[in-house]
Amino acid sequence: MKVSGQRTQSKVFKVGGDTPFYATLIFLGMIFIILLLGMLLALIFSTTPGKIWQALQSENIQYSIKLSLVSCTITAILSLWVAVPIGYLMSRFQFRGKNILDAFLDIPIVLPPLVVGLGLLVMFHFPLWWDQPVMISEATAEPWTLEALLREKLNFPVTFSVPSVILAQFMVACAFAIRTMRNTFDQISPRTEEVALTLGCNRSKAFYKIVLPESLRGMLTAATLAWSRALGEFGPILIFSSATRMRTEVLPTTIFLEFSVGDSEAAVAVSLILVGAAIFVLILTRHLGNSKQMV
Amino acid sequence: MIEVKDLCVRAGNFMVSGISFEVATGNYAVLMGRTGSGKTTILEAICGLKQVERGSIKLMGREVIHLRPGERGIGFVPQDLALFSTMTVYEHLAFSLGIRKWSRSNIETRVKELADWLSLTELLSRKPLGLSGGEKQRVALGRALAFNPSVLCLDEPLSALDDDTREEMYDVFKTVRERTGVTTLHITHNVKETEKLADHIFYIDKLLV
């Protein structure tokens with residue numbers, strides 16, 4: 001007997017293959033990887049070791065390498081000094097307006113770099129008594145500004161000199177260091193500090209004896225990231241420090257200056273130095289990230 | 001002696017209120033209750049890690065409610081043990097003694113004595129990473145006992161251990177009690193643990209919201 005609507009023979013159910021799915025993922029991924037690889041290979045093969053060596057003999061480029069290394073190292077150290085306390089406070093304490101402050105601290109990350117430079121420049125040259133500017137002297141007709149105060153009273157000019165390079169790098173690099181330190185402290189259980197408190201520590205002893213040693217790898221990662229961010233910084237430096245040879249010239253400035261005068265070989269040579277530094281930083285941060293200890 | 005009177009502690013949106021109990025000097029008390037009943041909150045309040053709204057906590061006759069955690073003389077073993085990942089077992093046992101500025105030789109003597117009791121002598125140079133559950137437990141206990149506290153607070157100390165290790169730890173707790181005479185408050189919801197160790201049992205059956 002055949003019952004209407006009922007299947008007498010069950011049909012074998014087939015699940016479609018996964019190949020199209022994987023092929024799409026790989027195809028889309030490969031577009032980016034090929035572009036990246038092509039870009040790096042083009043840089044490498046458009047010059048020779050001899051040309052790089054020749055570029056490195058230039059006094060301007062030597063100064064730029066030296067200033068980059070010194071300013072980035074100072075920036076990384078300063079960033080760590082600021083990122084550790086802010087990261088710790090943001091990780092451990094709840095307070096009103098914390099979400100707003102959290103977003104505020106990310107401003108340098110999302111702000112266009114040129115705006116950071118312009119903001120610093122305007123801040124340093126803003127008349128201190130803006131409703132009725134007070135002049136330094138009647139002859140110059142220059143009002144008192146933060147820049148004038150530092151220059152006249154402390155003999156420490158900032159704008160268009162080396163301190164401005166460091167400050168411009170610091171404003172962006174520090175934001176990355178803060179984020180890294182906050183994540184580091186988030187991963188360290190507050191329980192260890194609480195136990196230290198019961199064992200006789202006050203807050204600062206618990207911080208120095210327990211939290212800081214446990215966050216050492218995070219601190220190294222934050223410093224490395226800050227250093228590499230500072231090394232690639234160009235926009236804020238161009239506005240706040242200008243691009244003056246043998247004065248405020250860092251490696252990205254050199255690329256810009258060499259390229260603008262038509263010496264693309266020197267620009268490529270300096271770019272390869274930055275590529276080398278970036279690869280070194282990548283390897284170092286990956287190594288630090290992978291070898292985290294767990295209890 | 002531990003005397004808690006009409007204790008009221010706020011923990012987030014919850015409030016543990018009207019808690020009173022006493023544990024005589026040298027006794028071993030177990031505080032039982034369901035998960036979320038506020039047992040850990042009470043223990044943390046006694047240790048000085050939670051702000052108390054009102055009430056009184058006296059340890060060995062001294063009101064401690066306004067004292068900082070390190071001034072209360074309590075050895076605390078939290079549920080997750082919270083070992084210091086960068087320190088060796090020796091440094092764990094010596095930690096509270098270094099803070100109290102004991103001499104190097106006195107610290108060494110005390111650490112050796114503790115390591116001997118707790119079978120940690122072979123592990124003194126090791127870090128927590130790679131220690132077994134029972135070994136970590138003994139390190140946390142040794143760290144809490146090193147400075148001769150008058151009170152020991154244990155927050156579900158055996159919850160993460162297998163049955164064999166748990167049996168071993170019962171003996172360790174009994175040895176500690178015999179040797180130190182420390183007044184102990186132990187939190188658990190395990191009935192067997194309670195039967196093996198407790199002189200007194202307290203139950204918390206409701207949490208005020």
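Values in this text are rule-based calculations from the coordinates and carry no lab data. The shown structure was predicted, so the numbers you read here are calculated from the model rather than taken from an experiment. Counting neighbours? That spans all protein chains shown, and the Cβs are built from the backbone with ideal geometry, glycine included.
Numerical summary
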item	result
Euclidean distance between Cα centres, the range A:31-97 to the range B:84-98, Å	38 Å
Most mobile of B:S132, B:S105, B:S119 in a GNM of chain B (Cα contacts under 10 Å)	B:S105
Those trypsin sites (Lys or Arg not before Pro) in the range A:56-112 that DSSP places in a loop and that have at most 10 other beta carbons within 10 Å	A:R96
Listed residue pairs exceeding 18 Å between alpha carbons, taken from B:K5/B:K58; B:K50/B:K174; B:K50/B:K101	B:K50/B:K174; B:K50/B:K101
Per-residue average of Cβ from other chains inside 10 Å of A:206-217	2
Extension gain (nm, one decimal) between A:I107 and A:S58, 0.36 nm per residue minus Cα-Cα	13.9 nm
Net lengthening on full extension, A:I136/A:I31 (0.36 nm per residue, minus Cα-Cα)	31.9 nm
Efficiency of FRET from Cβ geometry, A:R217 and A:I44, R₀ 41 Å, rounded to 0.05	0.80
Relative contact order %, chain A, counting alpha carbon pairs below 8 Å whose residues are six or more apart	27 percent
Anisotropy class of the range B:2-204 from Cα gyration tensor, a/c 1.5 cut	prolate
Average partner coverage of B:77-84, which counts Cβ from other chains inside 10 Å	5
Fully extended contour minus Cα-Cα distance, from A:T244 to A:R286, at 0.36 nm per residue	11.6 nm
Separation in nanometres of the label points that stand 7 Å from Cα toward Cβ, at A:F21 and B:Y203	5.2 nm
Per-pair calculated FRET efficiency, R0 = 60 Å: A:K51 and A:L89 via Cβ, rounded to 0.05	0.75
Peptide-level mean, for B:96-108, of C-beta atoms on other protein chains within 10 Å	2
